[in-house]
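Notes follow once the structure below has been shown.
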Amino acid sequence: MAGLTITTNPAALSFLFTEALYAPAEALKTVPPAETEAPLMAEPVAKEREEVFDYLGENRRFILILVNYPDETYLPTEEKDYLEKILGAVRLNLEDVALLNYARYTDRKYAELKDFFAFGTLLLFGVSPHALQVPGPVLPYHLGLVEEVRILATDGTEVFRPDNEKKKQLWTELKRTFA
């Protein structure tokens, strides 16, 4: 190792760095690219579909709420008002969450929604974790943790609103979720 010297001579360095990326500019002009070489950058692959969702809220706290109302854009006014009361009870509002009517996006699954919304908490109101393909067990009315995401699955608001027992279970889990 003694006696080795460091060089900054471009001609000497071109022998070491032979890839087109490192070749001197004049060398690139005189050498035509081989037809069998793969391009340095592959052509961008078009996505199968554009990831756009029509949802309510601002998702400021990375909380996704999925509801299931096939005949509505979002959800009925009465159910929206009730859901806003639930959110208010845990000191949240629509700006804190993203509210999506999953009935309009049943072909989209957990992984796609996670990529788009980047949620840390997922509340399912009338949406089956199985249909969503959540990669782990989620029990109804019990807070679960799947891939570092807190998930709470319940019936739709129209189901648990008149049922005091289910409302108590929901409230207990909401307090645990947002304590």
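The values are calculated or read from the model by the stated rules, or taken from the named source; none is laboratory data. Since the structure is predicted, the reported quantities are computational estimates derived from the model, not experimental observations. Neighbour counts are summed over all protein chains in view; Cβ atoms, including those assigned to glycine, are modelled from backbone coordinates with ideal geometry. Side chains are part of the model used for accessible areas, which takes the heavy atoms of the whole protein and leaves out ligands, DNA and RNA. Shrake-Rupley method; radii C 1.70, N 1.55, O 1.52, S 1.80 Å.
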* When the residues of the stretch 89-124 are filtered to those that are part of a loop (DSSP other than H, G, I, E, B) and of a type in the set (A, V, I, L, M, F, W, C), which remaining residue is most open to solvent (accessible area, probe 1.4 Å)? -> Ala118
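Looking for whichever is modelled with pLDDT of 95 or more, open to solvent by less than 60 Å² (accessible area, probe 1.4 Å) and within 21 Å of Asp71 (Cβ to Cβ) here; the options are Val127, Val149. Which one fits?
On inspection, the qualifying residue turns out to be Val127.
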* Failed criterion for Ile86 (all others in (1) closer than 21 Å to Arg176 by Cα; (2) modelled with pLDDT under 95; (3) in a loop (DSSP other than H, G, I, E, B); (4) hydrophobic (A, V, I, L, M, F, W, C) hold) -> (3)
* Asked: Within the stretch 64-78, is there a residue that is open to solvent by less than 50 Å² (accessible area, probe 1.4 Å), of a type in the set (A, V, I, L, M, F, W, C), over 14 Å from Thr157 (Cβ atoms) and not in a loop (DSSP other than H, G, I, E, B)?
  -> yes
